[in-house]
């Protein structure tokens with residue numbers, strides 16, 4: 001185990017504990033637990049990965065004891081970059097989905113990579129996880145959004161997964177996997193905003209219609 005003080009020294013800007021989350025507390029109304037959990041990593045381990053990962057304290061509730069959810073964050077941060085940034089991308093398809101309206105975080109420390117793993121690019125998440133470490137897991141959509149915005153505020157505007165999409169562990173009501181991220185469209189077609197999408201699974205209702213040529 002490592003203390004918060006030691007972890008902060010090792011992780012530097014990639015450490016987001018109670019002190020570093022103060023601005024996020026003000027903006028999102030986070031309710032940080034009085035009982036800060038122990039960090040379940042050694043100093044030596046963190047020293048090896050400190051440049052590539054973010055160590056962040058999870059928060060379950062906001063003022064009024066409501067859950068910290070994607071929908072709550074969207075309501076507070078908005079969807080119009082011309083009004084304020086950072087914000088969510090202007091989509092509403094997920095508002096009634098459980099992963100957006102109910103799923104929250106735990107009062108524990110999360111360790112999530114700052115970049116998309118190269119070996120996972122362009123392949124299905126199940127295949128990617130099979131190729132990676134047995135300890136690798138997919139984050140929840142709420143964790144990716146929470147980390148993205150907290151890191152942005154804590155670092156004065158640094159953008160995680162700027163042009164990349166991140167596979168998540170969540171599925172929508174139809175069983176389609178959720179992916180998030182890509183705040184800036186490299187083609188400059190879409191406005192800035194934290195994206196939340198679903199990857200359509202092939203089901204029997206998908207098929208072709210025949211077009212008979214002359």
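A short reminder: the numbers here are calculations on the coordinates, not readings from a lab. Small disclaimer: the values here were computed from a predicted structure and weren't measured. Please note: Cβ atoms are built from the backbone with ideal geometry, for glycine as well, and neighbour counts cover all protein chains shown.
Quick one: what do you get for region 105-171 if you divide its Cα Rg by 2.2 N^0.38 Å? Could the numbers behind the result be given before it?
Values: Rg = 12.6 Å, N = 67, 2.2 N^0.38 = 10.9 Å.
Ratio of Rg to 2.2 N^0.38 Å for region 105-171: 1.15.
Taking 0.36 nm per residue of sequence separation and subtracting the Cα-Cα distance, how much length would be gained by fully extending the chain between residue 98 and residue 123, in nm to one decimal? Intermediate values should be presented prior to the final figure.
On the way: separation 25, 0.36 × 25 = 9.00 nm, distance 2.60 nm.
Here the segment from residue 98 to residue 123 would lengthen by 6.4 nm.
What percentage of all Cα-Cα pairs in region 28-101 are separated by more than 19 Å?
Values: 1502 of 2701 pairs.
Cα-Cα pairs of region 28-101 separated by over 19 Å account for 56 percent.
Under the rule of -39500 (n - 2.57) per DSSP H run of 4 or more residues, summed and divided by the residues of the chain, what mean residue ellipticity at 222 nm is obtained, to the nearest 500 deg cm²/dmol?
On the way: 7 runs with 56 residues, N = 214.
Calculated from helices alone, the mean residue ellipticity at 222 nm is -7000 deg cm²/dmol.
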Length-normalised contact order of the chain in % [C-alpha pairs under 8 Å, at least 6 apart]: 19 percent
P(r) tail fraction, region 45-175 - alpha-carbon pairs more than 20 Å apart, %: 50 percent
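Mind ranking 114-122, 47-55 by how tightly packed they are, going by the mean number of other C-beta atoms within 10 angstrom, highest first? Walk me through the numbers before you get to the answer.
Numbers: 114-122: 11.1, 47-55: 15.9.
Top of the packing list down: 47-55, 114-122.
Can you give me the convex hull volume of the Cα atoms of region 168-214, divided per residue and expressed in Å³?
Working: hull volume 6.1 nm³, N = 47.
With only Cα atoms used, region 168-214 gives 129 Å³ per residue.
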C-alpha center-to-center spacing [region 176-214, region 12-89] in angstrom: 29 Å
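Per residue and in Å³, how big is the convex hull formed by the alpha-carbon atoms of region 73-126? Present the calculation step by step, with values, prior to reporting the outcome.
Details: hull volume 9.6 nm³, N = 54.
Hull volume normalised by residue count: 177 Å³.
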Degrees, to the nearest 10: 141-155 long Cα axis against longest axis of the chain: 50 degrees
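Return the Rg/Rh value of region 4-52, two decimal places, where both radii are evaluated on C-alpha atoms and Rh is the Kirkwood radius. Don't skip to the end; give the middle numbers.
Working: Rg = 12.1 Å, Rh = 11.9 Å.
Taking Rg over the Kirkwood Rh, I get 1.01.
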